Amino acid sequence: MTNKHIVCYSGGHSSALVAIEVVRLFGKENVILLNHNINPRYEDADVKRFKKEVADYLELPITYANVNDIEDENELPNQFEVCEEKGTFVNPATRAILCTFVLKTEPFYNYLKTQEKENICCYYGFDADELNRVERRRTILIQDNVETDFPIALWSFELIKKYNDYKVNELLKVYNKVNKTKLDKLPQEYLENAISYGLLEISKYDENKKQTINSTNEIGIKPPLTYDVWKHANCRGCLKAGQQHWYVVYCVDYETFERAKLSEEIIGYSFGNFGFLKDVESKFKQMKEIGIPASEHIPSGAFWKSAKQYLKQSTQDLFPCECFV
Ligand code: SF4
């Protein structure tokens, strides 16, 4: 039986909603708000304000699991330093980005080692459009005997049904691959086996689990301002993010952009799949000059399609006009 509820409290809005729901359902006595603190140069001050205000509202302390148990946040290494120390941006075995592992995953597992795993459940703020992340996290932690739950993605009958449809579809893909078939529906017998092995969520539906709040504005706490331009409350200059993120970094925090360029020079590789920052910088400069908005909220496809069009237009503008020929 679960007797400790650990909320993976990232400082983002979704994880704050999760914390509120978990405390409302189970009471605050056995809830832990677990955070991996980030050096204040790379975590927005408003994210720090937000996580503290929500914790104060819940009357709970924030429990920090930090790299090397460093307590002073100003002493925490940043994402560039931890990669430079290892001489790589990725874990050579898994190709996963290294800073997440050093700053978050490893301290998380070190913290878990101090707990009785059979009795805990970890809660994450993934939403209903992130079912692949739900699935991955659940699968990883179950191997360690740790239960997981995802209030925003799973706390209603409709959401559980959506998750089940997703799982059935994934099982169908595996079935078709293994049996070299092209069925559009999982055979009934196979489906029943999946249910009996607990591979679907439907059996765990609990009517007490429901979302009571959609925004922290409802309890008088403003979501972090960082969401004005950023989509996540991640480190500023996130090594896992794509080119659009780095265009925004170029526009709003050039010092971090420069720091990342230095890191690429020290390590000798680029961290993104879009090449070295020094090579895309002139394009970013031009995009900024012609007024391409610095925002992560524009869907990536639309963002780059219009950026390309405007860049082409502005290059044509550089050519002499017809009467000049
Ligand atoms: S948020 Fe980005 S930069 Fe920060 S630890 Fe995670 S992957 Fe690295």
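Restricting to region 139-162, name every residue that is open to solvent by less than 60 Å² (accessible area, probe 1.4 Å) and within 18 Å of Asn208 (Cα to Cα).
Thr148, Asp149, Phe150, Pro151, Ile152, Ala153, Leu154, Trp155, Ser156, Leu159, Ile160
How do the helices (runs of 4 or more DSSP H) wholly within region 213-321 filter down when requiring 3 or more residues that are modelled with pLDDT of 95 or more and crowded, with 16+ Cβ neighbours inside 10 Å: which remain?
Of the helices (runs of 4 or more DSSP H) lying wholly inside region 213-321, those with at least 3 residues that are modelled with pLDDT of 95 or more and crowded, with 16+ Cβ neighbours inside 10 Å span 243-252, 254-267, 277-289.
Could you tell me whether Lys182 is assigned to a loop (DSSP other than H, G, I, E, B), open to solvent by 40 Å² or more (accessible area, probe 1.4 Å), under 20 Å from Asp46 (Cβ atoms) and more than 16 Å from the ligand (Cβ to nearest atom)?
no
Collect the residues in region 24-54 that are part of a helix (DSSP H, G or I), of a type in the set (Val, Ile, Thr) and either open to solvent by 60 Å² or more (accessible area, probe 1.4 Å) or within 16 Å of the ligand (Cβ to nearest atom) (or both), keeping them in residue-number order.
Val47 - this is the single residue of region 24-54 that is part of a helix (DSSP H, G or I), of a type in the set (Val, Ile, Thr) and either open to solvent by 60 Å² or more (accessible area, probe 1.4 Å) or within 16 Å of the ligand (Cβ to nearest atom) (or both).
List, please: which pairs have Cβ atoms under 7 Å, are six or more places apart or on different chains, and start with a residue in region 90-106 that is more than 9 Å from the ligand (Cβ to nearest atom) and end with one that is at pLDDT 85 or above and assigned to a loop (DSSP other than H, G, I, E, B)?
Listed pairs, sorted by first residue: Val90/Ala96.
In region 106-138, how many residues are open to solvent by 20 Å² or more (accessible area, probe 1.4 Å) and either over 30 Å from Lys161 (Cα atoms) or in the same structural domain as Asn273 (by TED's automatic domain parsing) (or both)?
Counting residues in region 106-138 that are open to solvent by 20 Å² or more (accessible area, probe 1.4 Å) and either over 30 Å from Lys161 (Cα atoms) or in the same structural domain as Asn273 (by TED's automatic domain parsing) (or both) gives 8.
List the residue pairs whose Cβ atoms are under 7 Å apart, where the first residue sits in region 219-247 and is on the phi > 0 side of the Ramachandran plot, the second is hydrophobic (A, V, I, L, M, F, W, C), and the two are 6 or more positions apart or on different chains.
Gly237/Val249; Gly237/Ala260
Please indicate, with yes or no, whether at least one residue in region 63-70 is under 20 Å from Lys240 (Cβ atoms), of a type in the set (Ser, Thr, Tyr) and within 16 Å of the ligand (Cβ to nearest atom).
no
Within region 248-262, does at least one residue satisfy the condition of being aliphatic (A, V, I, L, M) and in contact with a strand residue (DSSP E or B) (Cβ under 8 Å, 6 or more places away or on another chain)?
Scanning region 248-262 turns up no residue that is aliphatic (A, V, I, L, M) and in contact with a strand residue (DSSP E or B) (Cβ under 8 Å, 6 or more places away or on another chain).
The values are calculated or read from the model by the stated rules, or taken from the named source; none is laboratory data. Since this is a predicted model, take the numbers as computed values, not measurements. Glycine also receives a Cβ, built like all others from the backbone with ideal geometry; neighbour counts cover every protein chain displayed. Heads up: the accessible areas ignore ligands, DNA and RNA and are worked out on the full protein's heavy atoms, side chains in. Shrake-Rupley method; radii C 1.70, N 1.55, O 1.52, S 1.80 Å.
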